[in-house]
Amino acid sequence: MKKNKKLQIGIIWANPYNKNLGVAALAYSALAILNDVAAEHQLSVEFSFFGSERSGQDQLRIGERTLHFTNIPGLNFYDWKWRIKLWLFPKKHHLVDIRRIEYAFDIAEGDSFTDIYGDVRFRKILNSKFYFGKKAKKLALLPQTIGPFNNPKNEVEAFKAMDQADIVISRDQQSYAYTARKLPSDKIAETIDVAFYMPYTKIYLPTDFVHVGINVSGLLWNGGYSRNNQFEMHTDYKKLIREVIKYFCSQVSVKVHIISHVIPDEQAVEDDYAAAIALKEEFPKVDVIPKFTTPIEAKSYISGMDFFTGARMHACIAAFSTGVPVYPMAYSRKFNGLFADTLQYPWLGDCVKQEESVVFQGLRKAFDNKNQLKAKISQSNQEIVKPRLDYLKELLYHILTK
């Protein structure tokens, strides 16, 4: 490989501007780890984000690095309406930039390679794999949740799409086992969520309080996109959150920080911040933390907590990866697969299977044993997370050079 040749790397279905800071964290982290792999092996590269909400050139400050890239808005390949748009307006839809991508690293927004969010999103995520599987030199699925697929026909199409990839990397054991049912062993791997790689700056808060961070999911607060318990939870989420806040506010030594991780500019069903403001009226003692502008800011703030709980998975990852005792409130198998299976971390409430009283009692026990949680997290970060990130970097180098 010529040292002066710039490899054209596309990070597919990643949007660094997403107001869901978990999705943005995946974009930041994928860019950071791919850049570091290239730098460590003296590879010259250029990056693009396919699926960004912006167009054109931009840059991000990630840790000590300023990384440049091209933004390409997402589209639905093989949909006839999009075919016409590409044919009539190729420049507007960045056809040249799309065709330039040689190495496609598809992260599917972490958990969107599924049909649980509807057929439109599934088709967009699916069709890009068929396109880049044929057009790019290499297609890799970056660590993500695979499935579930409720429609058997969608499952068949999903495995056809994965068969186009050079490698399918799961971020948890459940997804890996799922892919192993139909894909050959040399095409699949299991590592860890790339958000563990995202840098942060630890903050230090006054030690006269025990600082408890609570992430309130606006999506669960409103009953899901359907507003009618979309995720079929046994937990009454609003009742649980009120009980948790009441419990912590009753302790004079505790300061409660309500930390939002999905912060759209306009109020929407998934808006964490709107739910936080509503709770502030009920519980004046809590601190509602202002909206963050980047996922790094959010992770840095969470790093200053003494205990954290929430239902946004990447807010919980921010806590875990910075050593903060955390009690996730799971509403899908992506939580269980990561925390219980991969991280071997038993301190988790299952809002789908458990009633709110059970989840609440688990949280109280976790808080009472937060030093034990902290020790377990430190061990897992060293013995599980670090080796998996190192393995992921080896896989990425292999894709770019073999």
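The values are calculated or read from the model by the stated rules, or taken from the named source; none is laboratory data. Only a predicted model underlies this, so the values are computations on that prediction, with no experimental measurement involved. Ideal geometry is used to build each Cβ from the backbone, glycine not excepted, and the neighbour counts take in all protein chains shown.
Among the residues of the range 349-374, the one identified as under 23 Å from PRO148 (Cβ atoms), hydrophobic (A, V, I, L, M, F, W, C) and either surrounded by fewer than 22 Cβ atoms within 10 Å (Cβ to Cβ) or at pLDDT below 95 (or both) is VAL352.
The set of residues from the range 1-38 being small (Gly, Ala, Ser) and either farther than 24 Å from ARG99 by Cα or buried (at least 22 other Cβ atoms within 10 Å of the Cβ) (or both) comprises GLY10, ALA14, GLY22, ALA24, ALA25, ALA27, SER29, ALA30. Note on the range 272-310: residues that are under 24 Å from SER29 (Cβ atoms), touching a helix residue (DSSP H, G or I) at 6+ places or on another chain (Cβ under 7 Å) and free of Cβ contacts under 8 Å to residues at least 40 places away in the same chain total 2. Residues in the range 127-145 that are under 19 Å from ILE116 (Cα atoms), in a helix (DSSP H, G or I) and not basic (Lys, Arg): ASN127, SER128.
Based on this model, can you work out whether LEU343 counts as among the hydrophobic types (A, V, I, L, M, F, W, C), buried (at least 18 other Cβ atoms within 10 Å of the Cβ) and under 15 Å from GLU190 (Cβ atoms)? The answer is yes for LEU343. Report, by residue number, each residue of the range 178-210 that is surrounded by 20 or more Cβ atoms within 10 Å (Cβ to Cβ) and farther than 19 Å from ASP390 by Cα. Residues satisfying the conditions are TYR178, THR179. Let me spell it out: the conditions are (1) within 25 Å of GLU46 (Cα to Cα); (2) touching a helix residue (DSSP H, G or I) at 6+ places or on another chain (Cβ under 7 Å); (3) of a type in the set (Ser, Thr, Tyr), and THR145 meets all of them except one. Which number is the exception? With respect to (1) within 25 Å of GLU46 (Cα to Cα); (2) touching a helix residue (DSSP H, G or I) at 6+ places or on another chain (Cβ under 7 Å); (3) of a type in the set (Ser, Thr, Tyr), THR145 is out only on (1).
Sort out which residues of the range 290-316 are β-branched (Val, Ile, Thr) and more than 21 Å from ILE245 (Cα to Cα), and write them in order of number. Within the range 290-316, THR293, THR294, ILE296 meet the criteria. For SER260, the conditions (1) assigned to a loop (DSSP other than H, G, I, E, B); (2) surrounded by fewer than 24 Cβ atoms within 10 Å (Cβ to Cβ) all hold with the exception of (2).
Contact map, the range 143-171: residues that are under 21 Å from ILE192 (Cα atoms) and without any contact (Cβ under 8 Å) to a residue 60 or more places away in the chain paired with residues that are acidic (Asp, Glu) and not in a helix (DSSP H, G or I), Cβ distance under 6 Å, separation 6+ or inter-chain. Pairs shown: SER170/GLU190. One residue stands out among those in the range 159-177 that are of a type in the set (A, V, I, L, M) and surrounded by 24 or more Cβ atoms within 10 Å (Cβ to Cβ): the one that is farthest from LYS334 (Cα to Cα), which is VAL168. The residues listed here are ASP36, ASP79; of these, the one that is at pLDDT 95 or above and touching a Lys or Arg at 6+ places or on another chain (Cβ under 8 Å) is ASP36. Of the residues making up the range 375-402, those that are surrounded by fewer than 16 Cβ atoms within 10 Å (Cβ to Cβ) and in contact with a Gly (Cβ under 8 Å, 6 or more places away or on another chain) number 1.
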